[in-house]
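Below is one structure; the comments refer to it alone.
Laboratory data are not the source of any read-out in this text; all were calculated from the coordinates shown. Being a predicted model, the structure only gives us computed values, none of them experimental. When we count neighbours, we look across all protein chains shown, and the Cβ atoms used for this are built from the backbone with ideal geometry, even at glycine.
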Ligand code: 1QQ
């Protein structure tokens with residue numbers, strides 16, 4: 001049936017393919033070929049694989065999509081600058097979707113199949129508490145780009161974060177709300193009880209409310225999967241609050257804002273970090289107007305790397321970069337700079353993947369970084385040391401179709 005020439009050709013390509021596979025398996029990590037690259041940099045098989053495990057699908061993608069954009073800008077930016085002392089990096093993206101098991105699967109694929117040197121991810125603290133222990137046991141460094149709940153760096157030696165904890169960031173929103181409206185006395189708080197971040201953030205907000213001598217009039221619970229918030233919104237409104245504080249994620253949080261306004265609530269609203277995306281605009285439309293959200297990033301931060309990041313983001317997306325993109329960029333940046341400084345001490349291609357991962361982890365924790373979110377460093381546990389925080393207020397156009405985050409002084 002087949003001519004001899006075709007059979008010989010087939011055998012030859014099979015042989016070549018097995019050779020490539022065998023090489024990829026035995027190579028040191030910075031030579032290893034891996035699959036799933038975003039391909040943004042034109043990097044070759046020599047590129048150093050850095051994993052990105054965030055939510056590209058599901059409801060949580062409202063947050064995760066912004067992270068993909070930021071990470072890809074970093075890949076291009078640092079490769080244009082020469083990568084890691086001349087060797088390009090290559091992002092390997094694995095979609096975690098919105099749950100814990102998806103995140104564990106993504107981490108496992110990055111660690112064992114893609115052989116990444118480290119991981120930027122996941123999107124939610126809820127996912128981090130499930131998947132970070134997997135990376136920690138495998139001794140693979142993780143930089144959390146958006147995990148702000150209490151206890152994230154304490155998961156293990158290999159876990160650090162570039163996302164400042166809610167305990168530090170969130171109270172800024174309450175201070176600003178009180179400056180805008182000094183008559184606030186009654187505060188109703190609502191939170192998603194099935195989400196680790198939301199539970200952590202509401203604890204911070206509730207403490208801040210009490211410390212400011214305000215009346216915490218009610219605490220209402222919901223689920224991130226809920227779409228009907230009539231009961232909670234009515235209960236909150238019945239306590240006559242001048243301020244409502246919501247800790248949830250984007251879809252549920254946006255819907256809750258809308259339903260509060262539909263039921264006649266006219267007071268101030270603080271949204272937590274889970275509402276910190278323009279992807280809530282199509283959900284609450286004109287009712288998003290006025291929401292106050294604390295920020296760990298400002299597009300106006302004045303340093304060269306933020307200017308470069310901001311320009312790149314704006315030229316791609318025709319709007320100012322959001323916090324989640326800036327933090328994801330920062331996660332990739334920390335890996336690149338720590339890899340460079342490790343390579344300056346010990347050539348990366350002389351290390352086994354295991355050695356590289358563990359030396360890289362030490363290097364990450366030892367460094368100081370000038371990033372789009374400002375000057376940062378880590379404490380020995382991997383907690384970010386960051387000093388600049390901000391508060392933004394959402395301004396919607398009259399038709400409710402477009403809006404922006406306006407940074408308050
Ligand atoms: C967390 C968060 C999320 C709301 C960020 C996307 O801060 O889960 O910790």
Any chance you could run the full-extension gain for residue 362 through residue 349? It's 0.36 nm times the residue separation minus the Cα-Cα distance, nm to one decimal.
2.9 nm
Degrees between helix 323-345 axis and first principal axis of the chain (Cα, 0 to 90, nearest 10):
40
When the helices in the chain are scored as -39500 (n - 2.57) per DSSP H run of 4 or longer and the sum is shared across all residues, what 222 nm value do you end up with, to the nearest 500 deg cm²/dmol?
-13500 deg cm²/dmol
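Based on the Cβ-Cβ distance of residue 311 and residue 175, what FRET efficiency does E = 1/(1 + (r/R0)^6) give at R0 = 30 Å, to the nearest 0.05?
Step by step, r from the Cβ atoms, then E = 0.45.
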Rough spin-label spacing in nm, given labels placed 7 Å along Cα→Cβ, for residue 240 and residue 404
3.9
Mind telling me which of 178, 256, 63 comes out most flexible in a GNM of the chain, alpha-carbon contacts under 10 Å?
178
Mean projection area, nm², convex hull over Cα of the stretch 102-191
6.9
A chain fully extended from residue 219 to residue 113 at 0.36 nm per residue, minus the present Cα-Cα distance, gains in nm 33.7 nm
Expressed to one decimal in nm², the mean projection of the alpha carbon convex hull of the stretch 228-316 is 6.6
Here, the chain modelled as identical Cα point scatterers in vacuum has Debye log10 I(q)/I(0) at q = 0.06, 0.08 Å⁻¹ of -0.26, -0.44
Taking 373, 111, 237 and counting other C-beta atoms within 10 Å, the order from fewest to most
237, 111, 373
With a 10 Å Cβ neighbour count serving as the proxy for reagent exposure, in which order, fewest first, do 176, 218, 57 appear?
57, 218, 176
Could you work out how far apart the two model spin labels at residue 230 and residue 137 are, taking each label as a point 7 Å from the Cα in the direction of the beta carbon, and quote it in nm?
4.6
Return an integer: the convex hull volume of the alpha-carbon atoms of the stretch 111-158, in Å³ per residue.
65
Residue 381 paired with residue 183, simple spin-label distance in nm, labels 7 Å along Cα-to-beta-carbon
4.2
